[in-house]
Amino acid sequence: MSSYHIKTTIRSLRFEHNEMTQQGLADRVKCTRQTIAALEQGQYNPSLILAHRIAYVFGKSIEEVFEINDK
C-alpha cells in the first residue's frame, strides 16, 4: 500500500486573509486549533469534509489548498 504526504498552503492563506489565527480558522471549519496546527506541519491528513470546509473559507478549490505527493 502506498503512503501519501499532503502538503498544504493553509499557513500562507491564513496570513493572506487578515492574518487569521489557527483558532479563528478552526472555529470556522468546526475543528480544533491542534488539528489546524497538525495540518500545517504535515502531521495529519484531513477528511474530505474538512478539506472542503477549509478550501471554502479561503475561496479556493481543494487542489489549491492541498497537494498530494507520493512518499
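The values are calculated or read from the model by the stated rules, or taken from the named source; none is laboratory data. Since this is a predicted model, take the numbers as computed values, not measurements. Methodologically, a virtual Cβ is constructed for each residue, glycine included, from the backbone with ideal geometry; neighbour enumeration extends over all protein chains shown. Ligands, DNA and RNA are excluded from the accessible area calculation, which covers all protein heavy atoms including side chains. Shrake-Rupley method; radii C 1.70, N 1.55, O 1.52, S 1.80 Å.
Yes or no: segment 45-58 includes at least one residue that is surrounded by fewer than 12 Cβ atoms within 10 Å (Cβ to Cβ) and under 16 Å from Tyr4 (Cβ atoms).
The answer is yes; a qualifying residue exists.
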Seminar exercise, completed: Apart from one, (1) at pLDDT 95 or above; (2) among the charged types (D, E, K, R); (3) out of contact with any Lys or Arg (no Cβ under 9 Å at 6 or more places or on another chain) all hold for Lys30; the odd one out is (3)
Exercise. Within segment 59-71, how many residues turn out to be open to solvent by 60 Å² or more (accessible area, probe 1.4 Å) and within 16 Å of Tyr4 (Cα to Cα)?
Worked result: 5
Problem set entry | Residue list for segment 8-44, restricted to those being farther than 12 Å from Val57 by Cα, in contact (Cβ under 8 Å) with a residue 40 or more places away in the chain and buried (at least 18 other Cβ atoms within 10 Å of the Cβ) | Thr8
